[in-house]
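Since the structure comes first, as structure tokens, the remarks are kept for the end.
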Amino acid sequence: MTEIAPSILAADFARLGEAVAAVERGGASIIHVDVMDGHFVPNITMGLPVVRSLARATRLPLDAHLMIAEPARYAVRFVEAGARMVSVHIEADAHLHRTVTEIKRNGALAGVAINPATPLNALEEILPYADYIVLMSVNPGFSGQRFIPTTMDKLRRLRRMIVERGLTTRIEVDGGIELDNVAEVAAAGAQIVVAATAVFGADDPEQAVRQLRSAVVQWV
Ligand code: DX5
Ligand code: ZN
């Protein structure tokens, strides 16, 4: 079944422990942590100390999405801080194969994130090495943006690329996911969906996760 990965980006940062506990009760299976540096993307969010604290606060795997320049300098440090999944943007790293290999060698799953304007053929060589692809359905930097509709076609093409190559790479779709589109995204091949606003913008985040889960359940 498609897993729901709430992004704490839209949570109350003064109450992150409670936020994570609530979505865990709702059936979230991954916690998505959006790391931004004000260089690769025009926003600054959180870093290693937050991952360290969250790793003590939850048993769910932490998925660090590094939207930072020079991610190779920090990727392994996020693994050491407690992230069990770490993704790096293909646009940010000239030595992505080395970074992905290092993440895996240190015991975490390695993800490759790809922006809306970056063509899928940029993934050609790295695909066999990536544990998961983070297909961006908004331009990274902020929560609360609208899902870019052409992502649906890109998602289907990515699914086909993976199947045709006989790979087991998982697809995570990130940005603009809500109750209205989550089933379609799951049906098109997303095994993980990230949601910030749809979860933490709701009155009851626990219930919001439950609703997202039941929307994708038909695509088991
Ligand atoms: C965007 C981040 C996303 C973001 C999603 O830069 O990578 O993970 O938090 O937020 P929503 O679900 O509100 O689009
Ligand atoms: Zn993200």
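Every read-out reported here was derived from the displayed coordinates using simple, explicitly stated rules and does not represent laboratory data. Because the structure is a prediction, the values reported are computed rather than measured. Backbone-built Cβ (ideal geometry, glycine too); neighbour counts: all protein chains shown.
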* Structure fact -> Sorted by chain and number, the residues with a modelled amide H under 5 Å from that of SER87, at a separation of 5 or more or across chains, are ALA64, HIS65, LEU66, GLY111
* Kindly provide the helix-only [θ] at 222 nm of the chain, computed as the sum of -39,500 (n - 2.57) over DSSP H runs of four or more divided by all residues, to the nearest 500 deg cm²/dmol? => -9500 deg cm²/dmol
* **Cα point-scatterer Debye curve for segment 2-150, base-10 log of I(q)/I(0) at q = 0.09 Å⁻¹** => -0.25
* Cubic angstrom per residue, convex hull over Cα atoms of segment 53-97 -> 69
* Express the C-alpha Rg of segment 108-171 as a ratio against the empirical globular expectation 2.2 N^0.38 Å, rounded to two decimals. => 1.11
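If you place +1 on the Cβ of every Lys and Arg, -1 on the Cβ of every Asp and Glu, and leave all else neutral, what size is the dipole of the chain about its Cα centre, to the nearest 20 Debye?
Working: 21 positive and 25 negative charges, 105 e Å.
Once rounded to the nearest 20, the dipole reads 500 debye.
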* Enumerate the amide H contacts of GLN145 below 5 Å, restricted to partners 5 or more residues apart or on another chain; note that Pro and chain-start residues carry no placed amide H. => GLY176
* Out of HIS95, LEU127, LEU109, whose Cα points farthest toward the positive end of the dipole of segment 92-139 (charges: +1 Lys, Arg; -1 Asp, Glu; placed on Cβ)? -> LEU109
* Asked: Just how far, in whole angstrom, is segment 15-39 from segment 80-125 if you go by their alpha carbon centroids?
  -> 20
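Only sites in a loop by DSSP and with at most 13 other Cβ atoms within 10 Å count here; which trypsin sites (Lys or Arg not before Pro) in segment 127-220 make the cut? Spell out each step's value before the answer.
Details: sites: ARG146, LYS154, ARG156, ARG157, ARG159, ARG160, ARG165, ARG170, ARG210, ARG213; in loops: ARG146, ARG165.
Those that pass, being in a loop and sparsely packed, are ARG146, ARG165.
Considering only the other residues whose Cβ falls under 13 Å of the Cβ of VAL185, what net charge follows from Lys and Arg at +1 and Asp and Glu at -1?
-4
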* Which of the peptides 63-71, 38-46 is most tightly packed, and how do the rest follow, going by the mean number of other Cβ atoms within 10 Å of each residue? -> 63-71, 38-46
* Taking K and R as +1 and D and E as -1, what net charge do the other residues with C-beta under 12 Å from the C-beta of ILE171 add up to? -> +2
* To do: Just add up the charged neighbours of ILE44: K/R +1, D/E -1, any other residue whose Cβ is under 12 Å from the Cβ of ILE44.
  => -2
